[in-house]
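To start, the structure under review is shown below, and the notes come after it.
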Amino acid sequence: MTGKHIEVCSLQDTLSHTRYFLNLRTKSTPAIYRRLLLFRINKPSASPQVPQESSNGSSHHEQAESSSSPSPISDASLTEFYCMEETCPHLGAPLSHAELEIDDIENTRTIDLRGGTSATGLSTCTYNVRVEGTGSDATVWVETPSIEGDHAWEVVEFRGVSEEFADPPPLSLQSLELHDGQPTSAPSQTQAELPGELPKTLLEFAHLILATSDPILKCALTREAVTRMRAGKLRSIRPSLAEVKRVRGDVGLLDEPPREQVAVPPGRTGKRGKGGSEKSRILMLHALANIEQYAIDLAWDIIARFAEFEVEGERLPVDFFLDWAKVAEDEAKHYSLLSKRLVEMGSYFGAHTVHAGLWESASDTADSLLSRIAIIHLVAEARGVDMNPLTMAKLRAADDAESTRILEIIHADEITHVTTGHRWFSWICNKRGLDPVQQFRLEVSNNFHGDLKGPFNVEDRAKAGLTPDFYTDLRGHHQRREDRQAAYAHGGGKSGGDEHLHPRLT
Ligand SMILES: [Fe+2]
Ligand SMILES: [Fe+2]
C-alpha cells in the first residue's frame, strides 16, 4: 500500500549518477523538509538505458502530484529505483556515501533498500518509486512522505551524489614565485598538509577549522571533515552536551576566525573600475573569494556556536549538522575555484585588500540562531543569489567563459544554501509556533541596517523557499557599530550599501 507520488525528474536525468539527493518541501507554512536518497541500480549485466515500452503509456507530466498509480516500469527495463531517508536511523549518519547492498547483508550499515530493514533489525523509511511513460518521455515518481495533515509537496533539489570533492586541489601560495605581488611562474598545485593528529568528531573539526588562518588548510580540513563524516569515520556528528563542554574547554569559541590578511572596514577596499575590464574582474573575484572564505567559517560557526541549541526542550537533529557541513564543503569548493582562477588571471588571493563586513553581521547575531540564519543565510546569501546572474551576464559580455563557469557552479550551490537557511528557520518557527514570514521580517528589522535592496531574483529565491512576502518592502533598523558607521562615512559613498554582502561588478 503506497500513498501519493510526486514527479521528481525525467528518467534520463537519472543516468549520470547511481544515487541522488532529493529534497522535498511542503507547500504549506511553515514548510517541512524531507531529504531523501534515490538509488538507481542496474540489473546484472545491464547498462543504464531508458525503457522503450511500458505496460501503460499514460502520461501525467502536467501534474505536480498524483494520487493515481503511475504505470510501473516494464519488466523489460534494466533499471531499478529505490528511495529512502538520507540519514541512517541508528547512527544518525548520512547514507549518501554509505555502502548499501540489496542482498548482501554483512554489516550493521547495510540496509535492505526494498523494505528498509537492516541486519540489526533497525528500520528506516523507504519510499516507493515508479517510472511512468515510455522512451525519452519516461519520468520518475517518488512516494511523498507521510506526515500529519494533508500536505502538498514540491521538489526543492535533485542532484547527483558526487563520489569526489568536486574541485581542484587548492593552490598553495607558498608555491608561487611572487614579484611585486604578481606570480612570475606557473603555480604548482600543492595540497595543504594536514596535521598528523586529526579531530575525531565533527565539532572538534569545526573548532579546528575556525582557528585555522591559512585558507588552503581550511579548505583541506573541511574536505577531510566532510569525507570522514560521510564515511562514518567520525565518533559523533551531533555532539553530546558533555562533548560541547569538553571541546569548548576554557578557551570557548573564538569571537572571530584569524586571518592571514589584515581586513579593512567595508567601503575601504577601493574601487573596482568599470566595464568588466580584467582588473575589475580580478578585484571582483578577489572580493568574492574573501566572502567565500568567511562563508566556510560561517558554516562551521553555526555548527560550533549553536551545538547545544534547544527549541522547546528539543535539541537540533543530526540533519542540522549534516546540512551545514555540506554548506561548508560547498564554500570551500567555491574558495578553491576562485583562488585558482585568480592565479590563472595573473593574480592570487591576498593580492588585494579585503574586508570583514560579513563577520560583523555574524558577531551581531551570535546570540540567536533565528537571527543568525535570517541575516547571514536569508539576507546575505540570498543577496548573492540576486547578484550572481547579473555578474555572470557581465562576465559573459567580457568573454570570460571560465569565470562565468565558476560563477554558475557557485550560483547553483548558493540557492541550496538559502534553502538550508529556510529549512532550519522554518523548523525552529514550527517548533515555537511562530509564523516564519513575520519572524523573518522582525529579525531583519532588529538586526539589519537599511533597506533590503533589489533587484530580487524572485525565481531563484522562490526555489529556496523565500516567497516575496518574506522580503518585499523590508527595512532594517539595526544601528551599526560606531566604527562601522565611521568607516562608511569615510569609505566612499554608495559602496557602503550592501557591498559587504556581495561584491558588484559594475
Ligand atoms: Fe559560496
Ligand atoms: Fe553559501
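Only the coordinates and a few stated rules stand behind these numbers; no lab work does. None of these values were measured; they are calculated from a predicted model. In this analysis, Cβ positions are derived from the backbone assuming ideal geometry, glycine residues included, and neighbour counts consider all displayed protein chains.
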Across segment 195-200, in residue order, what do the Karplus-derived ³J(HN,Hα) couplings come to in whole Hz, using 6.51 cos²θ - 1.76 cosθ + 1.60 with θ = phi - 60° and x for Gly and Pro? x, x, 9, 9, x, 9
By the C-alpha gyration tensor axes a ≥ b ≥ c (rounded if a/c is under 1.5, else prolate when a/b exceeds b/c, else oblate), the shape of segment 283-419 is prolate
Spacing of the two label points (7 Å from each Cα toward its C-beta) at E308 and T472, in nm: 4.3 nm
Which net charge results when you count Lys and Arg as +1 and Asp and Glu as -1 among the other residues whose beta-carbon is under 13 Å from that of F349? 0
Per the Kirkwood formula on distinct C-alpha pairs, the Rh of segment 199-496 is how many angstrom? 19.8 Å
Once each part is reduced to its C-alpha centroid, what is the distance from segment 24-40 to segment 361-384 in angstrom? 23 Å
When each of K27/K326; K200/K463; K4/K333; K4/K326; K333/K453; K4/K200 is checked by Cα-Cα distance, pairs over 32 Å: K200/K463; K4/K333; K4/K200
Sequence of I428, I302 once ranked by neighbouring C-beta atoms within 10 Å, starting from the fewest: I428, I302
Out of the DSSP beta bridges found with both residues in segment 199-496, what percent are antiparallel (nearest 5)? 60 percent
Taking Cα pairs closer than 8 Å and at least 6 residues apart, the relative contact order of segment 199-496 in percent is 20 percent
In segment 285-302, whose amide N lies under 12 Å from the spot 7 Å out along Cα-to-Cβ of L253? List them in ranges. 298-302
